[in-house]
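The values are calculated or read from the model by the stated rules, or taken from the named source; none is laboratory data. Computed from a predicted model, the values in this text were never measured in an experiment. Cβ placement follows ideal geometry from the backbone for every residue including glycine, while neighbour counts extend to all protein chains displayed. These area figures cover heavy atoms from the full protein model, side chains too; ligands, DNA and RNA do not enter into them. Shrake-Rupley method; radii C 1.70, N 1.55, O 1.52, S 1.80 Å.
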Amino acid sequence: MAQAAKATRQNRTITVDFHDEATYSQLLGDTKAFIECVLAFLLSLGFQLTHQSTCDGGGSLTRHSHYARVRLGGLTIWRVQCTRCKAVFTVLPHFVLRYRQMRPEAARDALLATHGGLSLEMCAAICHISPMALYRVICALGTQSLVAVLTRCALPLPRYILADEKHSKCLTDKVYLPTIVSGRVMWHLGYSDAKSAVAFTESYGAFQRAALEYKPSYRVQGALIDGFDSTTSATSCLET
Ligand SMILES: [Zn+2]
């Protein structure tokens, strides 16, 4: 779909906003309306489908029964084909996470459950997904550094920060979540089961490493802290 994807591998998966699941399942039974909905959506965004290089895209799209169904967690996914170049496009409804055979609601619940301290097996069981699928979601979403994500969103690194540890519980144990915020943006969310300067320094250091990797000359101009000794010594490394 995206022109930028052409240089690498052809990306023929299109995510279409069908408004809601009820509309989507209704359209599944009506080929003509389904295709029209897909085309109208693409048109409204101004996207071009990536056809074969020999095709000008002037053909029409059909929904062949041959490509009809891929089961995705009980959901029917259709594929449409260009009548001219035979390129096949997978139409994903917006409520399915791309490449993940899991609904966003299930992924959210399972991620929350793992964060709350349940085992992978337990989380997978209560969300009706496989432990391996959950593990892959954690690998895909859970290891992202906030610094990497936010700087990619073109946010400048914070000049002034507020560092504090939130208290939380992992089952019956008390745990600490070292956080760094600036304004309304959270730049770091750590996790520690020890309330020690060493543990907090390690956590806040993760923010510093990520920031320096993005911008080697980065220094925090000022850090507001709660005055707790561990935080004081832990965040001193962030300042010049
Ligand atoms: Zn074509």
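Overview of results
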quantity: Distribution of pairwise C-alpha distances over the range 158-232, 5 Å bins, in %; calculated: 3, 16, 26, 26, 16, 8, 3, 1, 0
quantity: Straight-distance crosslink candidates among lysines, where the alpha carbon sits under 24 Å from LYS86 and sequence neighbours closer than 8 are dropped; calculated: LYS6, LYS32
quantity: Rounded percent of accessible protein surface that carbon and sulfur make up, the range 147-240, 1.4 Å probe; calculated: 55 percent
quantity: Separation of alpha-carbon centers, the range 149-205 and the range 11-41, rounded to whole Å; calculated: 41 Å
quantity: Square roots of 5 times each gyration tensor eigenvalue, C-alpha, the range 118-208, largest first, Å; calculated: 27, 19, 10
quantity: Segments 36-42, 106-112 sorted - mean Cβ within 10 Å per residue, highest first; calculated: 106-112, 36-42
